[in-house]
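To start, the structure itself, in structure tokens.
The numbers here are math on the coordinates, done by the rules we state, and not lab data. Fair warning: this is a prediction, and the values are worked out from it, not measured in the lab. Cβ coordinates were reconstructed from backbone atoms using ideal geometry, including for glycine residues, and neighbour counts include every protein chain displayed.
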Amino acid sequence: MMRIIYPMPRSAAHKAASHDRIVNVAASRIREAGVDAPGVAEIMREAGLTHGGFYKHFTSREDLIAEAAERAFAQSEQRVAQLVEDAEDPLAAFVDFYLSPEHRDDPGSGCAVVALGADASRANDRVRAAYTEQVQRYTEHLEQLLGGGKDARREAVASVTAMVGALLLARAVNDDRLSREILRDVADAVKRKR
């Protein structure tokens, strides 16, 4: 039986595109400034929409922030998959990108685990669940990239923790030389674990 798929009416397609734009803007803003900083008016303005249209898309600001956090984690996960997909050395590809000055300098599209670390412990259950899932995914990726083995899980947990901490510190210090040293030395330490 042939299934006929009708195109979405323009208004529904337009609403979906607007919703997607709002969530993407919010995902970037919360990575740059945390979950408490971006206001609804600021997010809507950056998405090219009026503040009044917010409630056509979300029941509350908390609902938007939770969806934005989920989007930020999904974007991080997609980036990891792209990095390791055809890499000659998938572990090096992941670690070298994650602990690079480029990633350090681009928090708006960077790792949401680092960006939301301080906020996640105070966030609602939906944000905390999404945060937990991403930490688990990073750990599983590193466990595989480190080659499995007896201590792979422990090494993966330690590596995720070191990488997240290194990126956080590298962004926080105001000495570029020290920042680069942190990134380089932790990257070398993680790659030596296999």
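Here is how the numbers come out for the structure above:
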item	result
Packing-based order for 161-169, 55-63, using average beta carbon neighbours within 10 Å, highest first	161-169, 55-63
Dimensions in Å of segment 116-194 - Rg and Dmax from alpha carbons	14.2, 39
Principal axis box of the chain, alpha-carbon based, largest edge first, Å	54, 54, 28
Ratio of the Cα radius of gyration of segment 44-119 to 2.2 N^0.38 Å, where N counts its residues	1.40
Ranked by how many other beta carbons lie within 10 Å on average, peptides 21-27, 187-193 from highest	21-27, 187-193
